[in-house]
Structures are given as C-alpha cells and as structure tokens.
Amino acid sequence: MNIYVSCPLTHVPRNVFDKYTSFIHRLAEGARLSGQQHVSYALVSSDPQLAGKPIDERARLCYLWDRDLVERADLVIAEVSYPAIGVGIELQIAESKDIPIILCFKRSVETRAASVSYENPDHTRHTLQIGEGYVSLMALGLSAIFKVIAYDREEEAIANVVEAIRVITKDERRA
C-alpha cells in the first residue's frame, strides 16, 4: 500500500513549525512501521527537490509532483490542524480518485477557530457554520473520508492513525 501524508506547511505558525514538522515525520514513520510499503509526504518527497529548481518553475512542479503523489496513493492521511489551500486541493484530488482519507487534527485553543457572526445585504444576521471550529465542514463532508481522528496528544494521533491503517488494510484484504 502506498500512503501519502498531506499536511499544511505554509501557514503553520513559525513558533510551532519545528515541533509540527517533527510530528509529521513521526506520523509518517508510524505509518511505515505499520507495515506499509511506501509513505510519501512533501517534507521528504517534493519540497527538498523543489529547492533545486528555478524559482519560476517551482509552483508548477510542486502542483504536478504532489498531485502525482496523491494519485499514486492507496490511502491519504491528512493532518489538518492548520488551514491550507494545498491540503484542500490534495483532499479533492483524493476524493476524485476514490482514495480513502484518514483525516486527523489537534484539538487545542491554538488550532480552533472562534465563532463569528455576519450580516447579509438583506440585514439578516447569521452565525458562520464552522462545526466545532477545527476543520472546515466542506472538508469533513468529503465522502472519501474513512476516519476522522481528533487528538489531544501527538502520540495519541499516531496510535489512532496506525490503528485506522490496520483496519483499512484488513478491509482491503477481505475485498
């Protein structure tokens, strides 16, 4: 099974960036240790290679390479604690290819969007529908989502993702 780990990078707060990327490496390693043949993710499989390309080619290559990694995946693990347009695109690519998604996010004050109200031109007031405030309702509505994992501790996330991988690979062997 080929697994792609999708994760935000651009807008991860810089004061937690090193800790977050370390977690992504450990999450990928957990997937590998669960017996999977190949685990790819941007921090290892595309971003370092982009640095050696001309600046005016990087955006196109980033899209092409990461799209290819998603399309070749049998499973996408999406860590979505921080907002990211790229992760949304990757989720939609997985959805269009019927690739199952394990979606995980950290429950914390720092990663939760506060409730907000707005007024429409007809002067009606509404509360923005953001669910629990951690993950976009549109993303949560993807039919390709196999499992949603909300976690408080990174070790808990890794253990729950590995368990979900075991369940989905067991299901595939029966099919």
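The values are calculated or read from the model by the stated rules, or taken from the named source; none is laboratory data. The shown structure was predicted, so the numbers you read here are calculated from the model rather than taken from an experiment. Note that each Cβ is placed from the backbone with ideal geometry, even for glycine, and that neighbours are counted across all protein chains shown.
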Condition test on PRO83, is it of a type outside the set (Ser, Thr, Tyr) and modelled with pLDDT under 95? yes
Selection count, region 139-159, where residues are out of contact with any helix residue (DSSP H, G or I) (no Cβ under 8 Å at 6 or more places or on another chain) and under 21 Å from ALA94 (Cα atoms): 4
Among GLU163, GLU155, GLU110, which is farther than 19 Å from GLY30 by Cβ and of a type in the set (Asp, Glu)? GLU110
Taking region 118-151 as the search range and keeping residues that are among the aliphatic types (A, V, I, L, M), in contact with a strand residue (DSSP E or B) (Cβ under 9 Å, 6 or more places away or on another chain) and part of a loop (DSSP other than H, G, I, E, B), which one is nearest to ASP98 (Cα to Cα)? ALA144
Within region 120-135, of all residues that are surrounded by 10 or more Cβ atoms within 10 Å (Cβ to Cβ) and touching a residue at least 12 places away in the same chain (Cβ under 8 Å), the one nearest to CYS7 (Cα to Cα) is VAL135
Would you be able to say whether some residue in region 6-21 is closer than 22 Å to LEU91 by Cα, among the polar types (S, T, N, Q) and either surrounded by 11 or more Cβ atoms within 10 Å (Cβ to Cβ) or touching a His at 6+ places or on another chain (Cβ under 6 Å) (or both)? yes
Criterion violated by ALA157 - all others in (1) loosely packed, with under 12 Cβ neighbours inside 10 Å; (2) touching a residue at least 60 places away in the same chain (Cβ under 8 Å); (3) of a type in the set (A, V, I, L, M) satisfied: (1)
Matching option when the condition is more than 30 Å from ARG153 (Cα to Cα) and surrounded by fewer than 21 Cβ atoms within 10 Å (Cβ to Cβ), among ASP68, ASP98: ASP68
For residues in region 29-40 being over 12 Å from ILE165 (Cα atoms) and out of contact with any helix residue (DSSP H, G or I) (no Cβ under 7 Å at 6 or more places or on another chain), which is surrounded by the fewest Cβ atoms within 10 Å (Cβ to Cβ)? GLN37
